1. Kindly evaluate residue 209 against the criterion of being touching a His at 6+ places or on another chain (Cβ under 6 Å) and surrounded by 12 or more Cβ atoms within 10 Å (Cβ to Cβ).
2. Look at residue 192 and say whether it is within 16 Å of the ligand (Cβ to nearest atom), exposed (fewer than 11 other Cβ atoms within 10 Å of the Cβ) and more than 30 Å from residue 241 (Cα to Cα).
3. Here are 56, 29: which of them is surrounded by 13 or more Cβ atoms within 10 Å (Cβ to Cβ), of a type outside the set (Phe, Trp, Tyr), at pLDDT below 95 and more than 25 Å from residue 197 (Cα to Cα)?
4. Could you tell me whether region 125-143 includes any residue that is in a strand (DSSP E or B), more than 15 Å from the chain's Cα centre (by Cα), touching a residue at least 12 places away in the same chain (Cβ under 8 Å) and closer than 29 Å to residue 32 by Cβ?
5. Looking at region 105-126, can you tell me whether even one residue there is small (Gly, Ala, Ser) and either at negative phi or within 16 Å of the ligand (Cβ to nearest atom) (or both)?
6. Can you say whether residue 92 is more than 16 Å from the ligand (Cβ to nearest atom), at pLDDT 95 or above, farther than 30 Å from residue 218 by Cβ and part of a strand (DSSP E or B), as far as the supplied structure shows?
7. Which pairs turn up if I take residues in region 234-246 that are closer than 21 Å to residue 116 by Cα and look for partners that are among the basic types (Lys, Arg) with beta carbon separation below 7 Å, at least 6 apart in sequence or on another chain?
8. Quick one: residue 125 ticks every box in (1) surrounded by 13 or more Cβ atoms within 10 Å (Cβ to Cβ); (2) not assigned by TED's automatic domain parsing to the domain that holds residue 223 except a single one, so which number is it?
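The values are calculated or read from the model by the stated rules, or taken from the named source; none is laboratory data. Predicted model, so just to flag it, every value in this text is computed and none were measured. Note: ideal-geometry Cβ built from the backbone for every residue, glycine included; neighbour counts use all protein chains shown.
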Amino acid sequence: MSKKNGTEPTPEEKKLLAAWRTFFQKNCKADFAALATSEEDVWGFELQWSLLESHKGLGQSFLNDMEKCLHSGQIVIEEQFRNHNLKPRPIIRIVGISELHRYHLVDLRMRDRTRFLRFDAVVHSTSRAMGWLKRSAYTCNECTHEWVIKEALARARTKAEACPMCLRRGFDLLLEGAKREDLPDPRDIRMDLERNYYEDIQYIELFDPTCLSDEELPDDVPTITAVVSDEYVNQFSPGQCITVNALIGVDHLPSRDYIRDTRRILRLDIHSVEEGFSLHEE
Ligand SMILES: [Zn+2]
């Protein structure tokens, strides 16, 4: 498994990949068999937290560095889907997260950013479905090297400046005594539109179940913005009661009118959704 710069995974990454492989082999054979006839494009592959937690450090790895843990899991599950000739593109959704992560929407404050938490929530409203450029792809016109840059949601796209290969080669050539005018031009690069990766997303406004009054959807209720992706897009409607497991992020005020506005709001980056409340009675 080579990474984009051609280096091998570190021993720690290898251990993580191996843990994911045995996890899927042990727990998911029946799921793979059941998906054999699926014609879906995207499949949210649900994994129970209780199984993950007890398997070779995967639970700890998820809590320490969710992105890294899921990235390894994604590599392995895509490999498993290929091996089983499954059509959909899988996405790992961990559900049944421990109650130790229980929190309430009304209690969220800035100090909670970067935490991974579990909430009961009611859907207030949903935005239109949209996409965002999650990874932009570049190609070097000099040496044909290809690379990707991870972007951040609702931030300015990262400006790609130069080909890392040509930069390195230029530096080596200089050390060998080459003249500047003979060096490759590392800025001769282009964005590779075909390889750009777009993710489907949707903004949904959520509110705390304690604000529910007599089955009526309240008009004036404090909401928090959440972002769902891929197979969750267009799956939720106002009034729906759900449990969300989400990473707490920070976003600009949607209504900011000057660019360096320092005010921020919290945003839930939703990892997984379960139907119904898990704490409150419906
Ligand atoms: Zn190059």
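1. Against the criterion (touching a His at 6+ places or on another chain (Cβ under 6 Å) and surrounded by 12 or more Cβ atoms within 10 Å (Cβ to Cβ)), residue 209 qualifies.
2. no
3. Among 56, 29, only 56 is surrounded by 13 or more Cβ atoms within 10 Å (Cβ to Cβ), of a type outside the set (Phe, Trp, Tyr), at pLDDT below 95 and more than 25 Å from residue 197 (Cα to Cα).
4. For region 125-143, residues in a strand (DSSP E or B), more than 15 Å from the chain's Cα centre (by Cα), touching a residue at least 12 places away in the same chain (Cβ under 8 Å) and closer than 29 Å to residue 32 by Cβ: absent.
5. yes
6. yes
7. These pairs meet every condition: 243/118; 245/118.
8. So residue 125 meets the others, but not (2).
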